[in-house]
1. Can you list the cysteines of the chain that have no other Cys Cβ under 4.7 Å away?
2. What whole number of Å gives the distance from the Cα centroid of segment 389-457 to the Cα centroid of segment 498-532?
3. Classify the chain as rounded, prolate or oblate from the Cα gyration tensor: take a ≥ b ≥ c as the square roots of its eigenvalues, call it rounded if a/c is under 1.5, otherwise prolate when a/b beats b/c and oblate if not.
4. Given 0.36 nm per residue, what is the gain on full extension from residue 381 to residue 151 after removing their alpha carbon distance, in nm?
5. Please give the peptides 159-169, 415-425 ranked by average Cβ packing (other Cβ atoms within 10 Å per residue), highest first, as a rough proxy for protection.
6. Sort segment 477-527 into rounded, prolate or oblate with this rule: let a ≥ b ≥ c be the square roots of the eigenvalues of the Cα gyration tensor; rounded if a/c is under 1.5, and if a/c is not under 1.5, prolate when a/b is larger than b/c, oblate otherwise.
7. Tell me which residues come under 5 Å, amide H to amide H, from residue 21 once H is placed; ignore anything under 5 positions away on its chain.
8. Helix 28-37 versus the longest principal axis of the chain: what is the Cα-based angle in degrees, 0 to 90, to the nearest 10?
Amino acid sequence: MPNQLAAERSLYLRQHADNPVPWMPWGEEAFARARREQKLVFLSIGYSACHWCHVMEEESFADPEVAALLERWYIPIKVDREERPDVDALYMSICQAMTGQGGWPLTVILTPEREVIFAGTYFPKRSTPYRIGLIELLERIAALWQQDGQMLRSSAHALMERIAPHLRSAHSGHITAGTITAALEQLDKLFDRRYGGFGTRPKFPMAAALWFLLIAGPRTSTRALDIATATLEAMRWGGIWDHVGFGFHRYSTDERWFLPHFEKMLYDQALLLLVYAEAARITKRRLFEITAMEIAAYLDRTLLLEHGAFAASEDADTPDGEGAFYQWRYEDLRRLIPSHEFERMRAIFHLSPEGNAHDEATGQPTGRNILSAGTRTEDVLERFGGTLEEFLAWWEPLRQRLETVRNSRARPARDEKVLCDWNALVVAALARAGRLLRQPTLIERARRTWSYLERVHVHADGTLAHCSYSGEPAIDGFLDDYAFAAWAALELYHATGANDFLEHVEHLLHSITERFVDGDGIVRTAASADVLPLTEPSDGATVSGIGITALVAAVHGVVAAKQTSTRLAEHILQRYGGSVQENPVWHATLLCAWLHASECSLLDIECPSDQREELEQFLAKHYDPLRIDRVVNYAASAFRAQRCRNAACIPLTSWEEFCRNVPLGNQSTLEASHEQ
């Protein structure tokens with residue numbers, strides 16, 4: 001008989017509806033029952049595309065023995081982290097504070113008063129030499145609760161008293177050019193010079209850090225750009241990239257970007273689309289432009305829903321196992337690909353009859369091959385024996401053939417909930433990529449998704465809904481919903497010049513101030529009544545909502561001449577400046593915000609029609625990610641412009657004066673500060 005999750009709209013929750021565990025959704029009803037029956041709460045948090053969440057369900061939550069223990073001693077609650085990011089953020093922060101690590105599935109045992117007794121991640125059903133099993137864990141804590149529940153309550157309360165202030169704290173201070181230098185030096189130390197990326201294993205894309213490197217690079221040193229481009233190149237050729245159907249998997253389990261966890265998340269596609277487009281515009285490298293366009297193609301082919309918004313994710317698993325949809329048997333490829341082409345493909349993608357993929361746990365060959373071409377373009381092209389354009393022309397018909405065959409397989413499940421924050425990231429990325437790459441179709445796609453968010457996610461009073469199911473809004477919006485929507489509106493303004501988008505930015509920034517900023521200046525991530533408030537200035541799986549708020553406010557202050565926006569950006573940067581200085585790498589979005597607040601300039605241009613092409617070529621040649629180019633008139637009688645920065649405007653009354661003053665080296669103060 002289905003449990004209470006059968007009535008929920010979340011795919012992840014409904015996937016657990018037939019478990020023998022008597023799951024309840026998060027809410028007062030579950031905690032009231034825990035208080036009434038004096039039981040502990042077993043809280044399990046995950047999401048539908050999470051591989052290890054599925055593993056734990058199959059091993060434990062579908063098991064009658066585990067279910068009996070949970071029913072006897074606990075009130076089990078299941079939460080979709082994408083639906084309730086506030087619940088997830090709170091207990092993940094506590095788990096990381098207690099254990100030094102986190103991840104999903106997140107496993108937390110609470111008192112009926114919602115205070116933490118125990119926190120961890122994945123647990124097998126039975127204990128191993130390396131990890132306690134779920135059954136033993138449940139039995140031990142239940143026994144302690146029966147023997148001395150008051151002691152556990154007191155311990156949990158004391159823990160929360162110690163941790164809670166840190167969840168709401170921020171260290172004030174001033175971000176400076178020296179902070180930027182420190183961040184660049186830290187990223188250089190973390191940079192993997194052999195394989196690209198940061199650290200060892202597992203490796204995540206770290207889109208915020210890459211965007212920071214791209215923005216800071218032209219103003220500081222070529223080293224920042226070298227790190228960013230080497231990483232983007234390695235990711236594009238590695239197994240984390242889907243060479244057949246496009247799009248990035250969530251992360252690599254190894255340092256080589258070879259073996260990914262195969263789920264595909266909407267936020268990764270959005271942020272990496274933006275980063276690759278930025279890299280393409282700055283470096284003029286064709287590979288980055290192609291990658292950006294292929295991410296956009298993946299979004300439209302696979303995640304786009306019929307009403308114009310995008311699904312949250314694609315799962316990693318199918319009935320054939322994790323990642324089986326994306327992998328290939330050697331003999332199958334030999335049958336599909338002509339022999340003279342197969343030998344080339346074998347060399348490029350390191351194919352093996354035994355399979356080049358190995359089981360993550362045992363290290364044994366799986367018999368399957370992951371398409372991974374290495375990490376460096378020059379090595380790939382050397383094995384291919386031609387140029388990048390020749391490689392792309394050769395690979396495309398083979399890719400299409402493989403895609404046709406692959407589409408006949410059982411496809412990973414798609415979570416079709418629409419998340420306001422993640423869809424807003426897609427809007428921002430599409431609009432910015434469309435502008436940078438001169439692809440108006442991307443801008444139109446951004447407007448289409450924005451229209452859905454406006455129609456479904458904006459309530460009559462102007463507040464936002466966090467998610468929607470089949471066009472029906474659900475759950476009040478969180479900081480990320482407002483911040484990312486403001487960013488989306490700002491990028492649409494840059495891409496279209498339509499002033500109504502600026503009005504949206506102003507309204508959303510005002511809403512953030514009213515709903516999420518406390519009296520002491522702390523920006524909370526949620527306004528939820530049933531969860532302890534916390535602030536998260538650092539970047540996580542996505543960019544920081546606090547950082548994006550500061551960035552949008554800084555730019556809006558320039559383009560709309562709004563001092564209230566400028567002051568909001570300055571306030572956030574000062575309020576969290578000490579936290580940024582302590583660990584700049586993990587606050588890359590706030591560093592991007594500081595760069596915009598310090599260096600953002602606005603060019604208002606009036607241009608005769610016969611000079612339009614010359615102007616566009618000049619602006620493209622001298623692209624600056626922190627300069628806003630606004631052509632207000634393409635039919636002027638004479639060329640004139642005005643450059644505004646830091647509340648000061650300089651008239652540029654001739655084309656010659658414009659050409660002397662616009663290039664980056666003639667206006668950046670950061671470069672000089674960095675060299676001192």
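1. 95, 420, 467, 592, 600, 607, 659
2. After rounding, the separation between the Cα centres reads 29 Å.
3. Working: a/c = 1.87, a/b = 1.27, b/c = 1.48.
It comes out oblate by the Cα gyration axes.
4. Full-extension gain reported as 76.3 nm.
5. By packing density, highest mean first, the sequence is 415-425, 159-169.
6. Details: a/c = 3.30, a/b = 2.37, b/c = 1.39.
Prolate is the answer for segment 477-527, as a/c is 1.5 or above and a/b outweighs b/c.
7. Placed amide hydrogens put nothing under 5 Å from residue 21.
8. 30
The values are calculated or read from the model by the stated rules, or taken from the named source; none is laboratory data. Every value quoted in this text rests on a predicted model; they were computed, and no experiment measured them. Note that each Cβ is placed from the backbone with ideal geometry, even for glycine, and that neighbours are counted across all protein chains shown. To get the accessible areas, we keep the full protein, side chains included, count just its heavy atoms, and leave off ligands, DNA and RNA. Shrake-Rupley method; radii C 1.70, N 1.55, O 1.52, S 1.80 Å.
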